[in-house]
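Peer 1: Sharing a structure below in structure tokens format, with a few things to ask.
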Amino acid sequence: PVPPIPGELWEIVAGAAALASELCPSLPAVAPGVCLVNYYSHAGRLAFHQDKSESEERLRAGSPVVSVSIGDAADFAFAHQHPDAAPPGAPKPRVLRLESGDVLAFGGPMRRCYHAVQKIHRGQRPPGLVMIPGRLNLTFREL
């Protein structure tokens, strides 16, 4: 069996999801039921993709994904279309630098956006953070 997620972490995620819904009325309220954990070394990347493993009902509703970053900073890119399939002149993907402790929520109209982890910034973490080099990402979602 998988150990339960600590209550403090669920509180952070629930608070972020509630705030996102408050700031963006098109974002439905969410009660994440699963956490995916990804570790990225300094050479680690994740190609552009859509998260589509949830139920069709949750995807149609735009149920948000809530992501918590720990460790080295990362460049997170997102776009409405896969960059390889975008027509000439389409907007380029936007890139956000996510620092350790950042919480990102995307859902509503952006729920099916294409997104990628393009770069992990070596040594760009809070002083005193004790963990192996790289980045840990905790992704919460409803199934």
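The values are calculated or read from the model by the stated rules, or taken from the named source; none is laboratory data. Bear in mind that the values here come from a model prediction, so they are computed numbers and not experimental data. Protein only, heavy atoms only, side chains kept; ligands, DNA and RNA dropped before computing areas. Shrake-Rupley method; radii C 1.70, N 1.55, O 1.52, S 1.80 Å.
Peer 1: Compute a Gaussian network model of the chain, connecting alpha carbons closer than 10 Å, and tell me which residue from ALA74, ALA90, ALA17 fluctuates the most.
Peer 2: Answer for the Gaussian network model of the chain: ALA90.
Peer 1: When the scattering of the range 40-88 is computed by the Debye formula from its Cα atoms alone, each counted once and equally, what is log10 I(q)/I(0) at q = 0.16, 0.21, 0.29 Å⁻¹?
Peer 2: -0.69, -1.01, -1.18
Peer 1: At 0.36 nm per residue, minus the direct Cα-Cα distance, what do TYR39 and ARG97 gain on full extension? Give it in nm, one decimal, please.
Peer 2: Gain on extension, TYR39 to ARG97, equals 19.2 nm.
Peer 1: With runs of 4+ DSSP H residues as the only contributors, calculate the mean residue ellipticity of the chain at 222 nm using -39,500 (n - 2.57) per run, divided by the residue total and rounded to the nearest 500.
Peer 2: -5000 deg cm²/dmol
Peer 1: Then there's this: Ignoring ligands, DNA and RNA, please state the percent of accessible area on the chain from carbon and sulfur, probe 1.4 Å.
Peer 2: 61 percent
Peer 1: To continue, here is another question. Any idea what % of Cα-Cα pairs in the range 93-143 are farther than 16 Å?
Peer 2: Value for the range 93-143 (Cα pairs over 16 Å): 52 percent.
Peer 1: Based on a Kirkwood Rh over C-alpha pairs, give the Stokes-Einstein translational diffusion coefficient of the chain at 25 °C and viscosity 0.890 mPa s in µm²/s.
Peer 2: Approximately 154 µm²/s, per Stokes-Einstein.
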